Amino acid sequence: MKARQEGDGSDPLHTALCDRLGIEYPIFGFSHSIEVTAAITNAGGFGVYGATRDLPDAISERLARIRALVGDRPFGADLLLPGGMADKNDWAAAEAELPQGHKDFVKQLKQKYDVPDPVGKSFFSSMVRSNELFEAQADAVLESDVDMFASAIGTPPHIIERAKAAGKTTLSLVGAPKHVQYAKAAGTDLIVAQGYDAGGHTGPIGTLSLVPQIVDAADGIPVLAAGGIADGRQVAASLALGAQGVWLGTVWLATEEHQLNERVLDKLLKAGSLDTVLTRSHSGKTCRVIRTAWSDEWDAEGAPKPLKMPYQQVLIGELLTGVMENEIEPLMYEGAGQGVAWCNEVTTVEKEIERLVAQARDALGALR
Ligand SMILES: Cc1cc2nc3c(=O)[nH]c(=O)nc-3n(C[C@H](O)[C@H](O)[C@H](O)COP(=O)(O)O)c2cc1C
């Protein structure tokens, strides 16, 4: 564990944001893993737990587990809060909207890859991304003692207002300069500028083009750079672009703490930047994932266009759950960004942070 230090101005890596948030390095890490989130915070960064795939009860319990691991060090929780979703978390109603041609395509995939029916339910086979679900998830996060509330694919002002009233640092992920106005109007404290290179849901503007535009539009709100960052030279470059820190997701997938499924881990370790693909087949919104037979099948000639969110997930939820439960290797995938090129061996969160910090210091030193 790293001792918390106050910056004396001599270390360019120790940005103003580090002192404001009580962290040693301006390295923010997003993860769906409790252990990774806690390890990032304990290594001197700021861990943010992705709670979007969790039911509200599970969120409370998982955030409490992270708190037990980090003590009084800061960490955050993140929710996907897109607008334009259904009001109710009503699976049957959403299922009734699915076109027959799409259902036939999914049935044919199930047969082609011999995917058994799943035994259990997963988030993807039981929850409809809906306002009802988002409110319940947000309640669970805001009632917890988490230090930061992060929202992505949307910045609902009433939830941000509640988060601020609850004393949380608030953060919005944005993918285009025009999104900054919503973060500003809602009064978010920090903005993540997440570029095209990123793993997970992302937009069409490259990180290098996006970050300085967001810094300008943010008008003093601290910005973190995200998308494809996996090497300390990119951390140094992000500071040069005007960011006060970086926000990374892909790099943690290959850590011991993450415990990624072995088959998916194998694909990740072998993948280079060309082996990720932007697809709507995961959720209905553009999402960068490791390219596998899953994305290829949806890209193939004659395949139907993926449905919009939340219907794509309702369409594929059962099949995906069967794929994961039975480890149907060709169809297994995970979100991953172009920085996957740096994921070549299993390592630890602490080693990754040490590597990023050392490389960033070298790069900054070389500029002097
Ligand atoms: C597997 C995976 C899942 C992700 N899920 C979410 C999510 O639920 N909410 C969110 O705000 N961002 C999510 N992201 C995006 C990250 O927050 C982050 O912006 C992104 O990973 C940065 O780019 P990088 O992957 O190139 O480091 C996810 C990223 C990955 C790799």
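The values are calculated or read from the model by the stated rules, or taken from the named source; none is laboratory data. Every value quoted in this text rests on a predicted model; they were computed, and no experiment measured them. We work out accessible area using only protein heavy atoms, side chains counted, and drop any ligands, DNA or RNA first. Shrake-Rupley method; radii C 1.70, N 1.55, O 1.52, S 1.80 Å.
Table for the structure above
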| read-out | value |
| --- | --- |
| Spherically averaged projected area in nm², based on the convex hull that wraps the Cα atoms of the chain | 17.3 nm² |
| Accessible area per residue, Å², the chain with all protein chains present, probe 1.4 Å | 42 Å² |
| Sulfur and carbon atoms: percent of accessible area, the chain [1.4 Å] | 50 percent |
| The range 174-306: equivalent-ellipsoid semi-axes (sqrt of 5 x gyration tensor eigenvalues, Cα, Å) | 28, 19, 12 |
| Compactness of the range 30-69, expressed as Rg and Dmax over alpha-carbon positions, Å | 9.6, 29 |
| The range 31-102 and the range 296-323: distance between their alpha carbon centers, rounded to Å | 22 Å |
| Solvent-free Debye scattering, log10 I(q)/I(0), computed from the Cα coordinates of the range 165-250 at q = 0.23 Å⁻¹ | -1.05 |
| Set Lys270/Lys351; Lys164/Lys351; Lys121/Lys267 screened for pairs whose C-alpha atoms are more than 28 Å apart | Lys164/Lys351 |
| Bins of 10 Å from zero: percent of alpha-carbon pairs in the range 79-221 | 10, 30, 29, 20, 9, 0 |
| Size-normalised alpha-carbon gyration radius of the range 97-177, reference 2.2 N^0.38 Å | 1.58 |
| Within straight-line cross-link reach of Lys285, lysines at Cα separation under 21 Å, skipping those fewer than 8 residues along the same chain | Lys88, Lys103, Lys178, Lys305, Lys308 |
| Listed residues Ser172, Ser273 arranged by accessible area, highest first, probe 1.4 Å | Ser273, Ser172 |
| Radius, Kirkwood style, for the range 276-368 when every pair of distinct Cα atoms is counted (Å) | 15.7 Å |
